[in-house]
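The next block holds one structure in the form of structure tokens; read it before the comments.
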Amino acid sequence: MGNNISLLLVVIPLIAAPVVAVLPRGRLPWAVALLVTSLCAVLAGMQLWAVLYDGVISYELGGWAPPWGIEYRIDAVNAFVALIVAAIAAITLPYALLSVEQEIPEEKIPLFYSALLLCLTGLLGITQTGDIFNVFVFLEISALSSYALISLGRERQALTSAYQYLIMGTIGATFFLIGVGLIYSQTGTLNMQDMATILPGVAHLKTVDTGFAFIMIGIALKLALFPLHLWLPNAYTYAPSVVTVFLAATATKVAVYVMLRILFTVFPHSFALATPAEELFIMAGIASIIVASTYAIYQVDVKKLLAYSSVAQIGYMALGIGFASATGVTAALIHLFNHALMKGALFMAVGAIIYRIGACRMDQIHGLGRAMPWTFGAIVIGGLSLIGVPGTAGFISKWYLVSAALEQEAWISVAVILFGSLLAVVYMGKLIEALYFKPATDSEKEVTEAPLLLLAPTWVLVFANIYFGLDTNLTVGLAETAAATLGVVNP
Amino acid sequence: MKPNLILHVVAKFLIPLIILFALYVQFHGDFGPGGGFQAGVIFSAALILYSLVFGLDAAEQIIPPQWLRILAALGVVIYAGVGVITLLLGGNYLDYSLLGSSQIAGQHLGILLVELGVGITVAAVMLIIFFAFAGRGRT
Amino acid sequence: MDFFVGHYNYWVVIFLMLVGLYTVISRGNLIKKIIGLNIFQVSVFFLYISMGTVEGGAAPIIAEGVKLYSNPLPHVLILTAIVVGVATTALALALVVRIKESYGTIEEDEIHDLDHSL
């Protein structure tokens with residue numbers, strides 16, 4: 001049964017999704033989804049445990065041996081990312097109950113949870129599979145369900161942002177497909193492990209170069225790497241609160257994983273070094289930290305502010321990947337985990353504000369911090385973590401990122417990372433000022449604290465931010481193991 | 001809508017043939033080209049032709065939309081259920097060989113069931129999409 | 001000359017790919033964008049399918065006297081990609097219907113004038 005864990009992680013939400021879709025209205029769909037996500041989180045934890053102690057898990061679907069059949073191949077990297085995705089889903093679901101009942105029309109609630117579970121299936125599938133075409137299929141499963149989820153937002157802009165995301169996401173996925181096709185034509189295999197053994201022999205061919213470029217651009221679109229990030233701010237802003245929490249904490253993270261897997265496992269290291277990919281990552285990272293953080297300062301919508309901040313955070317991860325050293329990749333993986341925690345907490349807290357007042361523009365939330373102290377506290381601590389204050393999780397990722405940059409004597413990158421933190425101080429400061437120091441307008445006098453069901457998951461993530469800022473053994477240890485699995489070494 | 005005699009007669013003549021062909025593609029899929037995807041689309045084409053000629057209301061009386069939703073879910077469950085059965089029989093997910101007395105019989109049965117699930121879901125989903133677009137703004 | 005004629009399938013693919021992508025980028029009408037997206041996707045389907053052809057190869061069904069088969073794998077992959085494409089198109093069209101209902105237009109610039117969202 002041991003090996004079946006990796007398979008059940010994908011199959012359980014896959015079976016649950018259609019079942020939830022036909023359940024009667026009421027709270028039953030939510031209860032089933034909660035059960036399924038919690039089960040997935042437990043399974044993902046067990047899987048990580050099994051990988052760390054017994055080594056790589058390989059599962060042959062249908063009993064067909066790889067490289068002919070589809071293989072689920074799990075090492076420390078995927079197990080780590082799968083745990084992040086499953087755990088965030090499990091924390092989001094308790095939060096979802098009230099928020100979804102308020103924001104989604106009643107007759108659509110079963111379909112909403114069905115789409116959420118499909119999205120989870122896709123994201124977990126990407127992390128589990130060892131077959132590159134299967135990655136494309138799961139990528140599209142998660143993407144299609146997230147377009148549908150985003151379009152369920154209350155304002156009509158939700159429709160246009162979902163459309164925009166659909167066009168860009170499909171172009172990205174199709175680019176990925178072109179790249180896979182070109183590489184398949186030269187290697188004759190779709191199994192990523194098998195590809196890795198064949199590619200060094202054909203790496204000199206122009207077709208492989210072209211395929212590599214197509215795949216990188218395709219994933220960069222899915223990843224919202226600057227300047228391909230245009231879909232992200234609108235999509236996160238107008239999506240229902242729960243969807244924003246879930247996508248912000250998981251979808252881009254999984255895209256980072258695909259990027260790492262292809263750069264370091266599928267292609268030989270010398271190949272990526274010979275292309276300008278690394279320099280491009282560093283340049284895109286620097287640009288996104290500066291530009292997106294600056295944009296964040298000027299936003300009037302709180303969700304859009306945080307969305308632009310997400311683009312900036314993706315820039316940090318891109319920097320880590322661009323250094324292509326063990327420390328750099330470790331930093332990217334740590335930030336991947338920590339960013340899921342902090343953005344999860346922040347978007348949940350903003351969702352609680354939306355639950356109470358129905359909006360989150362800067363001028364509508366004046367003085368709310370005093371009426372909703374716990375929500376405000378979550379925003380403050382989440383914000384500190386985003387800035388990278390010592391004692392929070394954000395500090396750890398910044399610390400590793402700066403050390404990776406120092407190792408390579410990349411002074412500009414060091415300066416940009418620190419400057420990015422300063423910009424984060426400005427935009428989070430603006431938010432906190434509006435919430436706490438601006439005088440409240442009359443109409444919002446009767447606002448009370450958010451219900452416990454919204455606060456509890458938020459504070460679980462807030463405490464995780466503090467805990468992983470103080471006890472770094474777990475995250476850093478895992479990220480280092482994962483980076484070693486990818487085979488990156490310090491130059 | 002004014003009934004058109006030629007369309008009615010031709011449709012009545014064609015629809016059984018289309019459905020028959022869909023079933024052929026569905027169940028012959030393990031010997032030659034074919035399978036659930038194609039069969040599902042052909043099958044739904046028959047019903048879409050019916051609703052184009054006889055009107056949406058008549059088509060919805062044949063297959064109520066609530067059924068379609070259940071059928072679409074059922075297909076996925078059949079597909080995934082076959083996988084789970086093979087798991088319970090002690091094999092890998094979708095390892096059909098365990099389903100029958102011999103390996104070939106098992107593979108045969110397995111692919112037939114999985115394609116049946118695929119066919120049901122594809123047919124139901126195509127009809128759901130058609131009804132959703134055609135029925136929009138009607139009431 | 002051989003370079004052009006021998007790779008004719010690639011020229012078709014490249015032409016379609018660029019037509020599709022250009023349509024998506026240049027058209028302001030949301031439906032035309034979807035059409036462009038479809039052309040773009042179909043070009044990739046062609047790329048895969050033409051790649052799987054083996055000259056003189058028969059359809060990949062075991063039969064007596066047939067030695068050379070085409071590679072069936074790209075076809076299977078593209079069957080999946082077509083299904084993904086159908087789902088994407090259906091979803092995109094559904095979104096356009098709802099955009100039309102709430103904005104009253106499907107022209108990008110008019111929507112932008114209404115609330116700066118596209």
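Nothing in this text is a laboratory measurement; each read-out follows from the coordinates by a stated rule. Please read these numbers as outputs of a predicted model, since none were measured by experiment. Here the Cβ is made from the backbone with ideal geometry for all residues, glycine too, and neighbour counts use every protein chain on show.
Count the net charge of all other residues whose Cβ sits under 14 Å from the Cβ of residue A:74, scoring Lys and Arg as +1 and Asp and Glu as -1.
-3
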Checklist outcome for this item: Computed about the Cα centre, the charge dipole of the protein assembly as shown from +1 Lys/Arg and -1 Asp/Glu charges at the Cβ has a magnitude in debye, to the nearest 20, of 1080 debye
Checklist entry - Can you give the mean number of other chain Cβ atoms that lie within 10 Å of the Cβ atoms in peptide C:72-82? => result 4
Checklist outcome for this item: Note: A:3-11 gets an average of partner chain Cβ contacts (10 Å, Cβ to Cβ) equal to 2
Next on the checklist: Percent of Cα-Cα pairs more than 43 Å apart in the protein assembly as shown, please.
Outcome noted: 26 percent
Checklist entry - For segment C:105-115, what does the Karplus curve 6.51 cos²θ - 1.76 cosθ + 1.60, with θ = phi - 60°, yield as ³J(HN,Hα) per residue in whole Hz, taken in order and with x for Gly and Pro? => result 8, 10, 8, 4, 5, 5, 5, 4, 5, 6, 8
Item to check | Hydrodynamic radius by Kirkwood, which averages 1/r over all alpha carbon pairs of segment B:33-87, in angstrom | outcome: 12.9 Å
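Let me have the relative contact order for chain A, percent, based on Cα pairs under 8 Å that are six or more residues apart.
Relative contact order comes out at 15 percent.
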Item to check | Hydrodynamic radius (Kirkwood) for segment A:276-491, which is based on Cα pairs only, to one decimal in Å | outcome: 17.6 Å
Next on the checklist: Quick check: the angle from helix A:192-202's long axis to the longest principal axis of chain A, C-alpha only, nearest 10 degrees?
Outcome noted: 50 degrees
Checklist outcome for this item: The answer for residue C:107, listing residues at least 5 apart or on another chain whose modeled amide H is closer than 5 Å to its amide H, is none
Item to check | D_trans [Stokes-Einstein, Kirkwood Rh over alpha-carbon pairs] for segment A:267-383, 37 °C, 0.692 mPa s, µm² s⁻¹ | outcome: 208 µm²/s
Next on the checklist: Highest mean first, how do B:83-94, A:373-384 rank when packing is the count of other Cβ atoms within 10 Å averaged over residues?
Outcome noted: A:373-384, B:83-94
Checklist entry - Short version: ³J(HN,Hα) in whole Hz for each residue of segment A:455-461, in order, from phi by Karplus 6.51 cos²θ - 1.76 cosθ + 1.60 (θ = phi - 60°), x for Gly and Pro, what are they? => result 6, 4, x, 4, 6, 4, 5
Checklist entry - Plugging the Kirkwood radius over Cα pairs into Stokes-Einstein for segment C:9-76, at a temperature of 10 °C and a viscosity of 1.306 mPa s, what D comes out in µm²/s? => result 117 µm²/s
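Per residue of A:127-139, count partner chain C-beta atoms within 10 Å of its C-beta, then hand back the mean as an integer. Could you put the intermediate results ahead of the total?
Values: counts 0, 0, 0, 0, 0, 0, 5, 1, 0, 4, 5, 0, 1.
If you average over the peptide's residues, the count of other-chain Cβ atoms is 1.
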Item to check | Simple label model, 7 Å out from Cα along Cβ direction - residue A:270 to residue A:422, nm | outcome: 4.3 nm
Checklist outcome for this item: Short to long, in 10 Å steps from zero, the percent of alpha-carbon pairs of segment B:5-134 per bin is 13, 36, 29, 15, 6, 1
Item to check | Theoretical ellipticity at 222 nm over the protein assembly as shown - DSSP helices of four or more residues, -39500 (n - 2.57) apiece, nearest 500 | outcome: -25500 deg cm²/dmol
Checklist entry - How large is ³J(HN,Hα), in whole Hz, for each residue of segment A:333-343 in order, when computed from phi with the Karplus curve 6.51 cos²θ - 1.76 cosθ + 1.60 and θ = phi - 60°, using x for Gly and Pro? => result 5, 5, 5, 4, 5, 5, 5, 4, 5, 6, 5
Item to check | Percentage relative contact order, segment A:187-314, counting C-alpha pairs under 8 Å, at least six apart | outcome: 32 percent
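Can you tell me, using C-alpha contacts under 8 Å and at least 6 residues apart, the relative contact order of chain B as a whole percent?
28 percent
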Checklist outcome for this item: Sorted by chain and number, the residues with a modelled amide H under 5 Å from that of residue B:63, at a separation of 5 or more or across chains, are none
Checklist entry - Rounded to the nearest whole Å³, what is the per residue volume of the convex hull around the Cα atoms of chain C? => result 103 Å³
Checklist entry - What order do you get for A:189-196, A:310-317, C:52-59, A:22-29 when each peptide is scored by the mean count of other beta carbon atoms within 10 Å, highest first? => result A:310-317, A:189-196, A:22-29, C:52-59
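How big is the antiparallel share of DSSP beta bridges in the protein assembly as shown, given as a percent to the nearest 5?
Numbers: 8 of 9 bridges.
For the protein assembly as shown, the DSSP antiparallel bridge percentage is about 90.
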Next on the checklist: Please compute the alpha carbon radius of gyration of segment A:168-278, then divide it by the globular-protein estimate 2.2 N^0.38 Å. Two decimals is fine.
Outcome noted: 1.16
Next on the checklist: Quick query: amide H of residue A:230 versus all other amide H atoms, modeled in the peptide plane; which residues come in under 5 Å with a sequence gap of 5 or more or a different chain?
Outcome noted: none
